[in-house]
Amino acid sequence: MQIMLAPMEGLLDHTLRDVLTRVGGVDVCVSEFIRVTNTVLPRRAFERVAPELRNQSCTAAGVPVKVQLLGSDPICLADNAAALAELAPYGIDLNFGCPAKTVNQHRGGAVLLDEPELVGQIVAAVRRAVPAHIPVSAKMRLGYNDDSRAEDCALAIEAAGASELVVHARTKAHGYRPPAYWDRIADLRQHVRLPIVANGEIWTVADALRCQEVTGCDRLMIGRGMVTDPGLALAIAHQRRTGDVLSPGQGVAWTVMLALMQVFWVGVSARVATRHRAGRLKQWLNYMRRVYPQAQQAFDDLRLVHDADKIDAWLMAQQAEAAPAILLGS
C-alpha cells in the first residue's frame, strides 16, 4: 500500500510536511495549490509554496513532493506548468477538488467538475507542455453539487494523459462531513484504467483497511488523519507487516512528538510572522488532542499564550522534562 500525504491549504504546508515525513511511512506528498490566473508565475511563487523544489523536490527526509496547480485556463495552466517543469518537480498535480467558496467563485477547484470537457482540456494542455518524464496527475472530488458526472470527469482525465487520479470521495456540497463515499471510487475504477488513489475519512488503521477493501485501491491519500495521528502511516505499515493493529497514537510516542513539535516550531518561527506563530502550533495541537491526552494538556497550557518567547520556553521545559531518547535534527 502506498501512502500519500494530502495537501491542506492553511494547515498542511511545507513546515508540517517536513515534520510528518520525518516520522516515516509516507511515500509521496502533494503541495498546497498554487493559484494560476492570467500570467506566468515567477520561480519564487512556486518555491514559496513548495520550497522542496530547492531540494530536488524532496522533503528533508527524502520524501518526494508533487507540486499542485489550480486554475481554469488551459493555456495559462500549460504555460505555468512548463515554467514549473524547469524547476524539476517530482510531478505536477492539478486541482479539481478544492471546495472553498472563493476559489469556486473564481472558477477554480471543484466547480470545474460540472465541465468534464474543460477538465480534460486542462489536463491535456498541461500534459503536452510538460516533458514526458514528469508525471502529470489530478485530484478531484466526486462532483460539485452531486456525483452524476464523476465518471465523465474521470474518463476525461484519463483520456487527456494523466498518470494518476486522486479521488476525494465526497462532492463539494458534502464538504468535509462524514461519511466518505468510498463505494463510488470502486465504481470509477470500473470505468478507467489509470491508477486511482482513494482519499477521505481515513483516520485510523481500521479506516485504511476498510477503504482499501471497499475501493480496491492500493494507494491511499491521508490528510487530517495524519495531522491528528502523525504515526498513522507507520501504524498502517506495521499492520501490513505483522497483522497487529496499533491504537491511535501508538505509532509515535509522545516524547518523540515533543521533539517533532520543536522541529515544527523552528520551521514556523523561520517562515511565519511572529503574531501568527502561536496559532499555528495550537492549530496542530487541536488536532492531536483527539489522539494524545498529553496534547490536550499542552493545548490547555498554551490556549491563552500568544507570546512566541513563552512558547519557546514551554517547549524547552517540556523536552527537558521528557528527555526523549530519540534525537531529531532540525
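Spin-label model, Glu86 to Asn55: label points 7 Å out along the Cα-to-beta-carbon direction sit 2.5 nm apart. Placing a pseudo-label 7 Å from each Cα along the Cα-to-Cβ vector at Asp218 and Ala273 gives an inter-label distance of 4.8 nm.
Quote the FRET efficiency, to the nearest 0.05, computed for Thr255 versus Asp309 with a Förster distance R0 of 30 Å and r equal to the Cβ-Cβ distance. Could you put the intermediate results ahead of the total?
Numbers: r = 24 Å, r/R0 = 0.79.
So, using R0 = 30 Å, E works out to roughly 0.80.
At a Förster distance of 45 Å, what's the computed FRET efficiency of Tyr176 paired with His133, Cβ-Cβ distance as r, to 0.05? Don't jump to the answer; show the numbers that get you there.
On the way: r = 35 Å, r/R0 = 0.78.
Efficiency computed from Cβ-Cβ geometry: 0.80.
Each Cα pair under 8 Å and six or more residues apart adds its sequence gap; the mean of these over the residue count of the chain is a relative contact order of 14 percent.
In this structure, the amide hydrogen of Asn199, modeled 1.01 Å from its nitrogen in the peptide plane, lies closer than 5 angstrom to those of Val167, Ala169, Met221, counting only residues at least 5 positions away or on a different chain.
Compared with the direct C-alpha span, the chain from Glu47 to Leu209 gains 54.8 nm at full extension, assuming 0.36 nm per residue.
By the Cα gyration tensor, the stretch 1-96 has an equivalent ellipsoid whose semi-axes, rounded to whole angstrom, run 23, 13, 11 from largest to smallest. Normalised by residue number, the volume inside the convex hull of the Cα atoms of the stretch 2-242 is 110 Å³ per residue. With both residues required to sit in the chain, DSSP beta bridges show an antiparallel share near 5%.
What number, in percent, do you get for the relative contact order of the stretch 1-54 if the mean sequence gap of Cα pairs under 8 Å and at least 6 apart is divided by its residue count? Over the stretch 1-54, the number comes to 40 percent.
Relative contact order of the stretch 254-322: what whole-number percent is it, with Cα pairs under 8 angstrom and at least 6 residues apart? Working shown, then result.
Values: 43 pairs, mean separation 25.3, N = 69.
RCO, the stretch 254-322: 37 percent.
The tail of the calculated P(r) for the stretch 51-110, taken as Cα-Cα distances beyond 20 Å, holds 36 percent of the pairs. The alpha carbon centroids of the stretch 88-149 and the stretch 188-252 are separated by 24 Å.
Rule-based calculations on the coordinates, nothing more; no lab input. All of these numbers come straight from a predicted model, not from anything done at the bench. Counting neighbours? That spans all protein chains shown, and the Cβs are built from the backbone with ideal geometry, glycine included.
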